[in-house]
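Read through the structure below, which is laid out as structure tokens, and then see the notes.
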Amino acid sequence: MKNFIGNDWDEILKPAFESSQYQHLHDFLKQEYATKTIYPDMYHIFTAFKLTSFKDTKVVILGQDPYHNPGQATGMSFSVNPGIALPPSLKNIYQELHDDVGCIPVKHGYLKKWADQGVLMLNAVLTVPYGHANGHQGKGWEEVTDQAIKALSDRGEVVFILWGKFAQNKIPLIDESKNVIIKSAHPSPFSARYGFFGSRPFSRTNQALQKWGKNPIDWQLPAEVKVEK
């Protein structure tokens, strides 16, 4: 089997990668990348898994699919590259970060510091066509990402941050006796005022981690960053 990721996720996700469904997905993506503009570029599809290994994952922030406008998608849910305007949802996340744990908002949206500390910023679908949100939904990525969620749940002591109905549809995959689920409205401008603001997901995450004897997440992002190629 090819090492798609380069760490312990390759073994965890091996059944999904070796399935006939993934082969169909692979063939579909070859055609899509050859004929359309797809985000992220093919070298960054698995960035979230590459930055945060299975054994190091302490927190999962689950998104739906990548940003679908030029320059935005990084392969990490909610994160955008430096120099790209902050999406509205991320602005609201930064506001809640400040209100919850006092983090100073930064001008960029590159969240790699969180990934380096064990926050897996996972999208349920890992690719998207330009300008077409959910355009690759139902094409096969869900088998891969559902398997990741199940594996982390079985291992236990993971905080799952689920914003909005789409993410919360994954709750049946998670064993709540061994993990913590933090759920609220989505941070998008359409729903943030209906339960996202004031939900305190960042402090609640750290409380759960400390209860398990794990180091809390330092949520404060650096003022300036560079993308590592």
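What the table below lists for this structure:
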read-out	value
Max mean-square fluctuation residue, GNM over the chain, Cα-Cα springs under 10 Å, options 96, 143, 11	11
Residue 214 versus residue 35: modelled label distance in nm, points set 7 Å from Cα along the beta carbon direction	4.3
For the chain, accessible area per residue (1.4 Å probe, heavy atoms of protein chains only), Å²	48
Under 19 Å from residue 113, Cα to Cα: aspartates and glutamates that are on another chain or at least 8 residues apart	56, 96, 100, 218, 224, 228
Rounded to 5, percent antiparallel among DSSP beta bridges of the chain	20
P(r) of the stretch 67-112 over all Cα-Cα pairs, binned every 10 Å from zero, in whole percent	30, 55, 15, 1
Residues with amide H under 5 Å from that of residue 80, placed H, sequence gap 5 or more	109, 110, 111
Gain on full stretching of the segment that runs from residue 150 to residue 91 - 0.36 nm per residue minus C-alpha separation	18.2 nm
Computed helical MRE - 222 nm, the chain, DSSP H runs ≥ 4 contributing -39500 (n - 2.57), nearest 500	-9500 deg cm²/dmol
Residue 139/residue 165 FRET efficiency (R0 30 Å; Cβ-Cβ; nearest 0.05)	0.90
Projected area averaged over orientations for the stretch 1-149, convex hull of C-alpha atoms, nm²	8.7
Around residue 102: net Lys/Arg minus Asp/Glu count, Cβ-Cβ under 13 Å	-3
Long-range HN-HN contacts of residue 183 with modeled amide H, under 5 Å	162
Karplus-derived HN-Hα couplings along the stretch 110-119 (A = 6.51, B = -1.76, C = 1.60, θ = phi - 60°), whole Hz, x at Gly and Pro	8, 9, 4, 4, 5, 4, 5, 9, x, 9
Length gained when the stretch residue 177-residue 190 is fully extended (0.36 nm per residue, less Cα-Cα span)	1.5 nm
Protein accessible area in the stretch 160-229, 1.4 Å probe - carbon and sulfur %	49
Cβ-placed point charges (K, R +1; D, E -1), dipole of the chain about Cα centre in debye, nearest 20	380
Most fluctuating residue given options 102, 118, 71, as computed from a GNM of the chain linking Cα atoms under 10 Å	102
Charge context of residue 163, other residues only, Cβ under 12 angstrom, K/R +1, D/E -1	+2
Where 211, 139 fall by accessible area, highest first, once all protein chains stay in place (1.4 Å)	211, 139
Listed residues 183, 165, 107, most fluctuating in the chain (Gaussian network, C-alpha, under 10 Å)	165
Amide N of the stretch 139-178 lying under 17 Å from the label point, which is placed 7 angstrom from the Cα of residue 19 along Cα→Cβ	139-154, 170-174
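The values are calculated or read from the model by the stated rules, or taken from the named source; none is laboratory data. Note that the coordinates shown come from a computational prediction; the quantities given were computed from them, not determined experimentally. Positions of Cβ are generated from backbone atoms using ideal geometry, with glycine treated the same way; all protein chains shown enter the neighbour counts. The accessibility values were calculated without ligands, DNA or RNA, using every heavy atom of the protein model including side chains. Shrake-Rupley method; radii C 1.70, N 1.55, O 1.52, S 1.80 Å.
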